[in-house]
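The values are calculated or read from the model by the stated rules, or taken from the named source; none is laboratory data. Please read these numbers as outputs of a predicted model, since none were measured by experiment. FYI the Cβ positions are ideal-geometry reconstructions off the backbone, even for glycines, and counts take in every protein chain you see.
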Amino acid sequence: MSYFLPHLKSGWHVDQAILNEEQRVVIIRFGHDWDPTCMVMDETLYKIAEKVKNFAVIYLVDITQVPDFNKMYELYDPCTLMFFFRNKHIMIDLGTGNNNKINWAMENGQELIDIIEVVYQGARKGRGLVVSPKDYSTKYKY
């Protein structure tokens, strides 16, 4: 479903998308359209895009075509989802230890909507770190 979502083709476009959005959360999926993990994430993002359009905007970035942010944001995973609000990176505590990004595919659209809502509400209050409504740590999965 990646062809339905807007792609940012250069580092300048990514910067402008983050800089110019004043009222909504900017969600950027870094990865490749052909990667199976990204395909699952793109499917979920496409399903929720219409529901979150009032408080979030979703973009896709190919990390091979736009390598500018690979070192800065440590984009080593096949699929990475990051959140920005008013030119500020919003970190999210998911219980995984990595608060900068979501680096796995989320299949449940409602869970992702809940995370986006928490990010939006926390970012509007000026918080740089928000706590996820669900703990994604593996300590309970045996």
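Just one of the numbered conditions (1) hydrophobic (A, V, I, L, M, F, W, C); (2) within 13 Å of the chain's Cα centre (by Cα); (3) farther than 18 Å from E117 by Cβ is not true of M39: (2).
Of all residues in segment 58-76, those satisfying the criterion of being under 15 Å from the mean Cα position of the chain (by Cα) and not hydroxyl-bearing (S, T, Y) are I58, L60, V61, D62, I63, F69, N70, E74, L75. The single residue among I18, I28 that is hydrophobic (A, V, I, L, M, F, W, C), buried (at least 18 other Cβ atoms within 10 Å of the Cβ) and assigned to a strand (DSSP E or B) turns out to be I28.
Looking only at segment 115-127, decide whether some residue is assigned to a strand (DSSP E or B), at pLDDT 90 or above and under 20 Å from L8 (Cβ atoms). No; the residues of segment 115-127 include none that is assigned to a strand (DSSP E or B), at pLDDT 90 or above and under 20 Å from L8 (Cβ atoms). Regarding segment 2-24, can at least one residue be identified that is closer than 16 Å to I115 by Cβ and touching a strand residue (DSSP E or B) at 6+ places or on another chain (Cβ under 8 Å)? Yes, because at least one residue in segment 2-24 is closer than 16 Å to I115 by Cβ and touching a strand residue (DSSP E or B) at 6+ places or on another chain (Cβ under 8 Å).
The selection criterion, being touching a residue at least 12 places away in the same chain (Cβ under 8 Å), among the polar types (S, T, N, Q) and in contact with a strand residue (DSSP E or B) (Cβ under 7 Å, 6 or more places away or on another chain), holds for T80. The residues listed here are L81, L45; of these, the one that is assigned to a strand (DSSP E or B) and either of a type in the set (S, T, Y) or under 20 Å from E117 (Cα atoms) (or both) is L81.
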